[in-house]
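Read the structure below first, then the notes.
The values are calculated or read from the model by the stated rules, or taken from the named source; none is laboratory data. Quantities reported herein were computed from a predicted structural model and do not represent experimental measurements. Because the Cβ atoms are built from the backbone with ideal geometry, glycine has one as well, and the counts that use them run over all protein chains shown. Note: areas computed on protein heavy atoms with side chains; ligands, DNA, RNA excluded. Shrake-Rupley method; radii C 1.70, N 1.55, O 1.52, S 1.80 Å.
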Amino acid sequence: MEWTRLRVLALEPGETYGFACGDAEWIVLPLSGGCEVRCDPASPAFEARVRAEPGSGPQVFELRGRKGVFGGPADFAYVPRDAHVEVTARHGGRFALAGARCERRLPPRYGPAGAVAVELRGAGQCSRQVNNFAAAGPTGFECDRLIAVEVLTPGGNWSSYPPHKHDEHRPGEESRLEEIYYYEIAPHGDTPGLGYQRVTPSPAGKTDILTEVRTGEAVLIPDGWHGPSMAAPGHDMYYLNVMAGPDTGGPRQWLIRDHPDHGWIRGSWEGQDVDPRLPFPRAGAEDHR
């Protein structure tokens with residue numbers, strides 16, 4: 001993958017993970033638990049700016065986090081390229097580092113959970129929830145190239161449907177973006193969760209995947225028509241989407257084309273209700289986090 005980055009950390013209580021941002025911008029997103037994120041200047045240019053601008057030195061962000069991915073949006077921290085970052089989990093937890101190779105260096109920032117726009121998309125058995133914490137668009141959280149959202153799909157539903165793609169440069173119609181899907185699937189009692197992901201070849205690429213997905217697994221999509229993401233009945237599905245590409249710089253755009261054989265499904269949603277199991281978290285639902 002040329003543009004997108006993903007790391008998932010499982011930290012023990014009191015453990016610290018340090019990393020250099022390099023040529024990528026990153027968002028530290030709690031999956032379960034909270035953490036402290038410390039961002040220190042690393043590049044000579046940034047160190048010079050720190051010396052010239054009082055108050056612009058190392059920054060520390062306290063992330064409250066959440067119990068699990070089905071418990072609503074989480075707060076997060078944005079850290080820029082050419083910085084050094086330390087993530088410390090006092091009580092342990094799991095954390096996603098979603099990144100994208102970029103050019104501009106933006107300031108470190110805190111993203112509050114309460115500011116995350118929650119969207120219910122589709123209808124009927126194509127219903128899903130999207131937590132747009134770093135979506136593209138003028139009202140989204142500012143990044144240079146990174147686009148990242150969370151998608152939650154009730155068990156038995158098809159998500160990421162109709163199949164769509166974004167692997168060709170078509171001004172005003174389609175933007176070139178790589179994409180990573182990272183999954184967590186709710187168990188049913190002692191039975192681990194599972195789902196399925198399909199990617200079919202497009203004129204601009206040759207990715208061809210039909211795979212079972214489980215918690216902690218990821219699917220890399222450099223090109224192709226992707227979808228559906230199928231949640232097995234009884235097993236709610238979560239996935240983190242990380243996107244970036246040559247068309248996400250100035251301004252970021254998420255422009256997609258539906259598969260010509262399946263795009264008609266959008267018209268069938270008219271008059272259908274959104275799945276009543278949405279939004280997450282659900283009152284009275286089994287705690288599978």
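A few comments on the model shown:
- Percentage relative contact order, the stretch 99-244, counting C-alpha pairs under 8 Å, at least six apart: 28
- Taking only the Cα atoms of the stretch 85-183, the ratio Rg/Rh comes out at 0.98, with Rh defined as the Kirkwood radius.
- Structural descriptor for the stretch 86-179: relative contact order 21 percent, calculated from alpha carbon pairs under 8 angstrom and at least 6 residues apart.
- Enclosed volume per residue, in Å³, of the convex hull spanned by Cα atoms of the chain: 130
- Counted charge near V274, where neighbours are those whose Cβ lies closer than 10 Å (Asp, Glu -1; Lys, Arg +1): +1
- Note on the chain: dipole from Cβ charges, positive end direction compared against S268, G72, I180; the farthest Cα belongs to G72.
- Against the criterion of solvent-accessible heavy-atom surface with a 1.4 angstrom probe, I221, I265 sort, most first, into I265, I221.
- Dimensions in Å of the stretch 144-248 - Rg and Dmax from alpha carbons: 14.1, 49
- MRE, 222 nm, helices only [DSSP H, n ≥ 4, -39500 (n - 2.57), over the chain, to nearest 500]: -1000 deg cm²/dmol
- Taking amide H as placed 1.01 Å from N in the peptide plane, the amide H of D247 sits under 5 Å from that of R176, each at least 5 places away or on another chain.
- To put it simply, the accessible area of the chain at a 1.4 Å probe is 52 percent carbon and sulfur.
- Taking all Cα pairs closer than 8 Å and separated by 6 or more residues, the relative contact order of the chain comes to 21 percent.
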